[in-house]
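Step one of this worksheet: look at the structure below.
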Amino acid sequence: MVKEANNLSNTFHGGIHPRYSKEFTKEIPIREVIPGETVTILMQQHIGAPCKPIVKVGDSVLVGQKIGDSEAFVSSPVHSTVSGVVKKIAQVLQPNGSKGEAVVIANDGEYRRLLMETKPLSELTKEEILHLIREAGIVGLGGAGFPTHIKLNPPADKKIDYILINGAECEPYLTSDHRIMLEEPKALINGLEVILTLFPNAQGIIGIEDNKPDAIEMISKAIAGKDRMSVCVMETKYPQGAEKQLIYSATKRKVPSGKLPADIGCIVDNVDTTVAIGKAVLEGIPLLRRIITMSGEMFDQPANYSVPLGVSYRQLIEMSGGHPEEAVKIIHGGPMMGLAMFDYDVPVMKTSSCILLLSEKEAAICQESACIRCGRCTRVCPMNLLPLELDRFARNDDEERFLRYHGLDCIECGSCSYVCPAKRHLVHAIRVKKRALMAKKRA
């Protein structure tokens, strides 16, 4: 079943229409990447407690072998993506610029595998399915990397009505989820069937923006005859793929301030996360790779790559004919929510999604000027916040009013900064204040 889009229904308040720049890669099939001589597997590739290495230098490992784990409730194990020998365990630079512990493995080039034990879906209990998802190291692949086995196990008093699969991919340049929907529709549906097994009374909705008609057609055919699955065609608008905005567009339910989607009967998973769930539960394959978009005018061969975790960003840039020395900005992630990088000798991790090499034309760096109180930022804010006021409170360190004006509800989409005629760094100021408040709360 397909729920058609119109401007009055399958969308949300606010939002913007930036240049999407998806033409670089949307027509190019996903390419496989072969790791180099070593891979560097980070011990923290998720929200929560970092893993501890459970191997030591000199140990032999197999593809799919667990090499890091934690006893903490919010955590997710990591696995080797090559067969070979553990070369060292060290602190290394991560894509976000900080340092973290990693296991470096010398690749023997043989790719000998170790699969998890599983059995037919009809024979698995809910607890066994969740255990397989946890042991596979699956986390949210559309954003922050929250452990999926926790998300799919809400408290017993939370009645889940909708499982929403996020195929919006509204961030400019990114086309990895689009390609997955075109190339692996059966794997996506298999993953959704696993999730729906956990929630027998829920409906599965796959949300896709109307600028992807080929994906809409492909997925609609793949779910033909499946009564508990439907495609929701949504208006193309940024940030349509943000969790709360996707939920409202597809169900008209609003997530209250301070609450989670499960509180209103919804769970949201990314397209690639859903594919990973299916492969883990049905085939015993842990999360070993990411589909990464390499895009921007400073690439000779922009493309989407299936990349084993631990491969160097440098290798990917070289494979795509990148010219980082000529780029004005190198971004890890998309242009709206990604982070600028100062070093690309860093490993691919579970939350990697895109590497952008932007030219001066693509990444104009503007100087701030005084706010003219035009209200554009307020009109486009998808969370109905007052970005100009939150910016002022953040810069003045006014914590009380920042919280009273729901500053922690900001999803950091960057829509306010995008439309600001004064080029105020609104989202940056708000993000910094949010991080400071959250750190203070944890202390």
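The values are calculated or read from the model by the stated rules, or taken from the named source; none is laboratory data. No experiment lies behind these values; they were computed from the predicted model shown. Cβ sites come from the backbone with ideal geometry, for glycine too, and all protein chains shown count toward neighbours.
List the number of the failed condition for Thr236; all other conditions in (1) of a type in the set (Val, Ile, Thr); (2) assigned to a strand (DSSP E or B); (3) within 25 Å of Cys416 (Cα to Cα) hold.
The single condition Thr236 does not satisfy is (2).
Which of the residues belonging to the range 111-129 are of a type in the set (A, V, I, L, M, F, W, C) and touching a residue at least 60 places away in the same chain (Cβ under 8 Å)?
Leu115, Met116, Leu121, Leu124, Ile129
Yes or no, residue by residue, for (1) among the charged types (D, E, K, R); (2) within 25 Å of Met336 (Cβ to Cβ):
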site	(1), (2)
Lys158	yes, no
Leu164	no, yes
His178	no, yes
Leu188	no, yes
Gly191	no, no
Pro200	no, no
Ile205	no, yes
Cys232	no, yes
Gln240	no, yes
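Any residue in the range 37-54 that's free of Cβ contacts under 8 Å to residues at least 24 places away in the same chain: show its pairings with residues that are not polar (S, T, N, Q) at Cβ separation under 6 Å, as long as the two are six or more apart or on different chains.
Note: pairs meeting the criteria are Ile54/Asp69.
Among the residues of the range 301-319, is any over 24 Å from Asp177 (Cα atoms) and either in contact (Cβ under 8 Å) with a residue 12 or more places away in the chain or of a type in the set (Phe, Trp, Tyr) (or both)?
Taking the range 301-319 as the starting set, the residues that turn out to be over 24 Å from Asp177 (Cα atoms) are none.
The answer is no; no qualifying residue exists.
Would you mind stating whether Asp263 is modelled with pLDDT of 95 or more, assigned by TED's automatic domain parsing to the domain that holds Glu184 and under 20 Å from Gln44 (Cα atoms)?
no
Given the criteria of a type in the set (A, V, I, L, M), closer than 13 Å to Gly137 by Cβ and assigned to a strand (DSSP E or B), does Ile67 qualify?
When the stated conditions are applied, Ile67 passes them.
Of all residues in the range 249-261 being among the hydroxyl-bearing types (Ser, Thr, Tyr) and closer than 17 Å to Val231 by Cβ, which is surrounded by the fewest Cβ atoms within 10 Å (Cβ to Cβ)?
Among them, the one singled out is Thr251.
Counting only residues that are of a type in the set (Val, Ile, Thr) and in contact with a Ser or Thr (Cβ under 6 Å, 6 or more places away or on another chain), how many does the range 205-264 have?
The first filter runs over the range 205-264 and keeps only residues of a type in the set (Val, Ile, Thr), leaving 205-206, 208, 216, 219, 223, 231, 233, 236, 247, 251, 255, 264.
Checking which are in contact with a Ser or Thr (Cβ under 6 Å, 6 or more places away or on another chain) leaves us with 205, 231.
Residues that pass the stated criteria total 2.
Of all residues in the range 97-110, how many are within 27 Å of the chain's Cα centre (by Cα) and free of Cβ contacts under 8 Å to residues at least 60 places away in the same chain?
Of the residues in that region, 4 qualify.
Any residue at all in the range 320-327 that's farther than 29 Å from Ala250 by Cβ, of a type outside the set (Gly, Ala, Ser), buried (at least 21 other Cβ atoms within 10 Å of the Cβ) and outside the structural domain of Lys252 (by TED's automatic domain parsing)?
The answer is no; no qualifying residue exists.
With respect to Arg289, is the statement that it is closer than 24 Å to Lys66 by Cα, among the basic types (Lys, Arg) and surrounded by fewer than 24 Cβ atoms within 10 Å (Cβ to Cβ) true?
Spelling it out, Arg289 is indeed closer than 24 Å to Lys66 by Cα, among the basic types (Lys, Arg) and surrounded by fewer than 24 Cβ atoms within 10 Å (Cβ to Cβ).
Would you check if there is a residue in the range 81-91 being buried (at least 19 other Cβ atoms within 10 Å of the Cβ), among the polar types (S, T, N, Q) and assigned by TED's automatic domain parsing to the domain that holds Gly58?
yes
Anything in the range 268-286 that is surrounded by 24 or more Cβ atoms within 10 Å (Cβ to Cβ) and of a type in the set (Val, Ile, Thr)? List them, or say none.
Hits for the range 268-286 are Val268, Val271, Thr273, Thr274, Val275, Ile277, Val281.
Filter the range 34-82 down to the residues that are touching a helix residue (DSSP H, G or I) at 6+ places or on another chain (Cβ under 7 Å) and closer than 24 Å to Met294 by Cα and list them by number.
Gly36
Given (1) at pLDDT 95 or above; (2) buried (at least 20 other Cβ atoms within 10 Å of the Cβ); (3) closer than 30 Å to Glu209 by Cβ; (4) touching a strand residue (DSSP E or B) at 6+ places or on another chain (Cβ under 6 Å), where does Glu32 come up short, assuming only one miss?
Against the list (1) at pLDDT 95 or above; (2) buried (at least 20 other Cβ atoms within 10 Å of the Cβ); (3) closer than 30 Å to Glu209 by Cβ; (4) touching a strand residue (DSSP E or B) at 6+ places or on another chain (Cβ under 6 Å), Glu32 comes up short only on (2).
Where residues in the range 9-34 are β-branched (Val, Ile, Thr) and part of a loop (DSSP other than H, G, I, E, B), which of them is nearest to Glu183 (Cα to Cα)?
Per the stated criteria, the residue is Ile30.
Could you go through the range 67-79 and let me know if any residue there is assigned by TED's automatic domain parsing to the domain that holds Ile206 and of a type in the set (Phe, Trp, Tyr).
For the range 67-79, residues assigned by TED's automatic domain parsing to the domain that holds Ile206 and of a type in the set (Phe, Trp, Tyr): absent.
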